[in-house]
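Colleague: Below: one structure in structure tokens.
The values are calculated or read from the model by the stated rules, or taken from the named source; none is laboratory data. The model shown is predicted, which means the values in this text are computed figures rather than measured ones. We place every Cβ from the backbone using ideal geometry, glycine too, and count neighbours over all the protein chains shown. These accessible areas exclude ligands, DNA and RNA; they are computed on the full protein's heavy atoms, side chains included. Shrake-Rupley method; radii C 1.70, N 1.55, O 1.52, S 1.80 Å.
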Amino acid sequence: MRNSNPVMSNLSAGATGNGNNAGFQQQMNYNAYDNYGGQGGYAPMTEQRDADRPMTVDDVVTKTGITLGVIVVFAILNFGIGMVNPQIAMMATIGGAIAGFITVLVASFGKKWGSPVVTLLYAVFEGFFVGGISMVFSGMHVGEANAASLIGQAVLGTVGVFLGMLVVYKTGAVKVTPRFNKILTSCIIGVVVLMLGNFVLAMFTGNNPLRDGGILAIIFSLVCIGLAAASFLTDFDAADRMIRAGAPSKMAWGVALGLAVTLVWLYTEILRLLSYFQQR
């Protein structure tokens, strides 16, 4: 089953293989050679079992929490830099956005599934991006009095949507099927195409209908928020299937990356939408 989130799609595909857990069983055949000290031998089996044990819900929660914690720390760091030197903060924001996008591509297509280095690097880059974009959308860099309140509302909105979709998934109110994933993926591709077209239009004509705060921009942001929320269902489903299939515990880092991608997208769209109403 394909997932609308490229990270989760490739992660679950690589984890579940052809619908069985033969790959996981193969990974449980531990390498007996021990290189410590340059001498042959057998590594303690308990250490190897800990490294290759099946993934649990606790693993997903812990790794996701660490990833989000890193994002928050670096977001606050760049936000603080922006209060002192907005130019440097904007450079860090743009650099973080580009580097974060490249990191996701590496994780998705470079088959770096379950790499803590890739996931934490993404968290650092996106932290800089989130901090800078929060400063811009909230109007903090121009001394907007309601900036802190706006950011707080966006954070609460993001957490609320996340928890709400988790309840929806757990109760089975919406079933994640191959058809659901295909429709969601098609919609997200359509949104991306519209974003690129809007970007080109803004570059050459100065018109920015999807992001200028007008009625069309508000509708577009609501659509993006809805798609991001629906993406959580496919993320939860992919993680659930990997846990039931017995994926190695290291795959929890890949799940954390996929959830972080969706959370950052949702947060920026909610913050952008709130900023439209602040401008009115």
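Colleague: Just one of 95, 164 is closer than 20 Å to residue 64 by Cβ, open to solvent by less than 60 Å² (accessible area, probe 1.4 Å) and at pLDDT 95 or above; which is it? Give the derivation first.
Modeller: On the way: 95 fails: closer than 20 Å to residue 64 by Cβ.
Of the residues listed, the single one that is closer than 20 Å to residue 64 by Cβ, open to solvent by less than 60 Å² (accessible area, probe 1.4 Å) and at pLDDT 95 or above is 164.
Colleague: Tell me, yes or no, whether segment 59-68 has at least one residue that is under 24 Å from residue 274 (Cβ atoms) and out of contact with any Cys (no Cβ under 6 Å at 6 or more places or on another chain). Break it down stepwise before answering.
Modeller: Let us first name the residues in segment 59-68 that are under 24 Å from residue 274 (Cβ atoms), namely 68.
Keeping just the survivors that are out of contact with any Cys (no Cβ under 6 Å at 6 or more places or on another chain) gives 68.
Yes.
Colleague: When you scan segment 103-118, how many residues do you find that are in a helix (DSSP H, G or I) and open to solvent by 90 Å² or more (accessible area, probe 1.4 Å)?
Modeller: To start, the set of residues in segment 103-118 that are in a helix (DSSP H, G or I) comprises 103-109, 116-118.
Pick out the ones that are also open to solvent by 90 Å² or more (accessible area, probe 1.4 Å) and you get 109, 117.
Count: 2.
Colleague: For residue 263, state whether it is buried (at least 19 other Cβ atoms within 10 Å of the Cβ), of a type in the set (A, V, I, L, M, F, W, C) and outside any helix (DSSP H, G or I).
Modeller: Details: buried (at least 19 other Cβ atoms within 10 Å of the Cβ): yes; of a type in the set (A, V, I, L, M, F, W, C): yes; outside any helix (DSSP H, G or I): no.
For residue 263, the condition - buried (at least 19 other Cβ atoms within 10 Å of the Cβ), of a type in the set (A, V, I, L, M, F, W, C) and outside any helix (DSSP H, G or I) - is not met.
Colleague: Yes or no: residue 134 closer than 19 Å to residue 264 by Cβ, at pLDDT below 95 and either open to solvent by 30 Å² or more (accessible area, probe 1.4 Å) or part of a helix (DSSP H, G or I) (or both)? Reasoning before the result, please.
Modeller: Working: closer than 19 Å to residue 264 by Cβ: yes; at pLDDT below 95: yes; either open to solvent by 30 Å² or more (accessible area, probe 1.4 Å) or part of a helix (DSSP H, G or I) (or both): yes.
It is true that residue 134 is closer than 19 Å to residue 264 by Cβ, at pLDDT below 95 and either open to solvent by 30 Å² or more (accessible area, probe 1.4 Å) or part of a helix (DSSP H, G or I) (or both).
Colleague: Another question, if that's okay. I need the full set of residues from segment 180-222 which are acidic (Asp, Glu) and part of a helix (DSSP H, G or I), in order please. Break it down into steps so the answer makes sense when it comes.
Modeller: Residues of segment 180-222 acidic (Asp, Glu): 212.
Passing the criteria: none in range.
Colleague: Could you pull out the residue among 183, 215, 188 that is open to solvent by less than 80 Å² (accessible area, probe 1.4 Å) and either under 30 Å from residue 240 (Cα atoms) or over 19 Å from the mean Cα position of the chain (by Cα) (or both)? Spell out the reasoning first.
Modeller: Values: 183 fails: open to solvent by less than 80 Å² (accessible area, probe 1.4 Å); 215 fails: open to solvent by less than 80 Å² (accessible area, probe 1.4 Å).
Of the residues listed, the single one that is open to solvent by less than 80 Å² (accessible area, probe 1.4 Å) and either under 30 Å from residue 240 (Cα atoms) or over 19 Å from the mean Cα position of the chain (by Cα) (or both) is 188.
Residue-wise test of (1) under 30 Å from residue 52 (Cα atoms); (2) in contact (Cβ under 8 Å) with a residue 24 or more places away in the chain; (3) among the polar types (S, T, N, Q).
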residue: 216; (1), (2), (3): no, no, no
residue: 230; (1), (2), (3): no, yes, no
residue: 243; (1), (2), (3): yes, yes, no
residue: 247; (1), (2), (3): yes, yes, no
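Colleague: Go through segment 105-123 and give me each residue that's more than 17 Å from residue 268 (Cα to Cα) and touching a residue at least 40 places away in the same chain (Cβ under 8 Å). Explain how you work it out, then say what you get.
Modeller: The initial filter retains those residues of segment 105-123 that are more than 17 Å from residue 268 (Cα to Cα), namely 105-121.
If the condition is that a residue be more than 17 Å from residue 268 (Cα to Cα) and touching a residue at least 40 places away in the same chain (Cβ under 8 Å), then 107, 108, 109, 111, 113, 114, 115, 116, 118, 119, 120 are the ones that fit.
Colleague: Is there a residue in segment 225-242 that is over 21 Å from the mean Cα position of the chain (by Cα) and modelled with pLDDT under 95?
Modeller: No, because not a single residue in segment 225-242 is over 21 Å from the mean Cα position of the chain (by Cα) and modelled with pLDDT under 95.
Colleague: Just a yes or no: is a residue in segment 223-244 touching a Lys or Arg at 6+ places or on another chain (Cβ under 6 Å), open to solvent by 20 Å² or more (accessible area, probe 1.4 Å) and assigned to a helix (DSSP H, G or I)?
Modeller: no
Colleague: Name the one entry in 249, 275 that is open to solvent by less than 20 Å² (accessible area, probe 1.4 Å), farther than 25 Å from residue 156 by Cα, modelled with pLDDT under 95 and among the hydroxyl-bearing types (Ser, Thr, Tyr). Walk me through it before giving the result.
Modeller: Values: 275 fails: farther than 25 Å from residue 156 by Cα.
Result: 249 is the single residue among 249, 275 that is open to solvent by less than 20 Å² (accessible area, probe 1.4 Å), farther than 25 Å from residue 156 by Cα, modelled with pLDDT under 95 and among the hydroxyl-bearing types (Ser, Thr, Tyr).
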